[in-house]
C-alpha cells in the first residue's frame with residue numbers, strides 16, 4: 001500500500017506479506033485505511049484496518065471451511081465498505097461443490113465487523129433456486145461482483161450467474177443478478193435480468209444508487225447467435241429491483257446454517273393481534289428485534305420484543321402475506337416465518 005502526495009511523490013509504502021492480493025481501500029474516520037484481500041494461497045479472507053501511516057491496527061482472517069476445496073477457495077476481487085455506523089462490510093466469492101478446475105459452483109461470503117475488528121456476523125449465499133418458468137442454477141458467479149451499502153445500511157450485490165431453461169438445456173447462459181440484504185445480512189429479495197434472449201450472455205460489472213432509491217447497473221452482453229460480438233448494457237430498476245426484464249428468484253442462505261427451533265406463533269391467519277412465544281426457543285430473559293416484510297420485500301414494521309409470550313398489534317397492516325424475522329443480538333440467532341393478515 002502506497003501513499004502519494006498531490007504531486008505523485010511517495011510519502012510512504014507498506015507491504016503486507018500475509019496478503020497476496022488486496023483491493024478496494026477505504027479511508028477510515030480516523031484517516032486510517034481499511035481494505036480486504038486474499039491470503040494463504042487464496043484459502044483465507046483477510047480484512048485489515050490500519051492507522052493513517054499504514055501500520056496495522058487489527059486484522060481478521062476467515063479461514064476456509066473444511067468441506068471446501070483448498071486451492072482457490074476465494075476468487076476474484078474482494079469488496080469492502082463502511083456503513084453509517086462505521087461498521088465494515090466485506091464481500092468475496094468462494095468455490096464449493098468442487099469437482100475439478102472446470103467444474104465447481106461459486107457463492108458469495110459477506111462479513112460485517114465493528115470498527116474495533118469484532119465480527120458481528122458472517123453470511124454465505126448460494127444464489128440459486130426454483131422459479132416459476134426458469135431454473136436458476138447459480139453455477140458460477142462471473143467476473144467481479146459489486147457491493148453497495150445503502151444509507152439505511154441495507155446491502156446490494158450485483159453479480160452474474162448461470163440460468164438454464166427447464167425444458168431446453170441447450171438454452172442457457174449467464175445473467176445479471178441483484179441480491180438485496182438487510183443490515184443483518186438476511187436476504188430481502190433477489191432478481192435476475194433476461195435483457196434479451198435467454199441464450200445471450202449478460203454480465204453486470206458496476207452499479208449506482210439513484211436519487212429515487214432505484215439502481216442503475218452497467219455491464220455488457222454477448223448475443224448467442226453472433227460470434228465475437230459484444231454490446232454495452234445499462235439496466236435501470238426501481239427500489240425493489242424491478243424492471244420489465246426482471247425475474248424473482250429464491251436464495252439458499254448459509255452453507256453452514258444452524259437449524260434453530262421454530263418460534264410458536266398464533267393465530268395464523270391473524271386478525272389484529274399476532275402472538276409470539278419466545279420461551280420455546282430461548283431460556284434466558286433476552287431481548288429480541290422483530291421485523292416484518294411484505295411480499296415485495298419492503299419493511300413494514302419493526303419493534304423490540306421481550307422474552308416470553310409477546311402480543312404484536314398488526315391491525316394497521318393491509319390484508320395479505322407477510323414474512324417476519326426475529327433476531328437476538330446477544331446470541332446472533334435468527335428465527336423466520338410468515339403469516340397471513342386477514
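Some observations on this one:
- Peptides 212-221, 187-196, 266-275 ranked from most to least packed give 187-196, 212-221, 266-275, packing being the mean of other C-beta atoms within 10 angstrom over each peptide's residues.
- Take the Cα of residue 17, step 7 Å toward its Cβ, do the same at residue 152, and the gap between the two points is 4.8 nm.
- Peptide ranges 148-159, 2-13 listed from the most packed, as the mean C-beta count within 10 angstrom indicates: 148-159, 2-13
A short reminder: the numbers here are calculations on the coordinates, not readings from a lab. Predicted model, so just to flag it, every value in this text is computed and none were measured. When we count neighbours, we look across all protein chains shown, and the Cβ atoms used for this are built from the backbone with ideal geometry, even at glycine.
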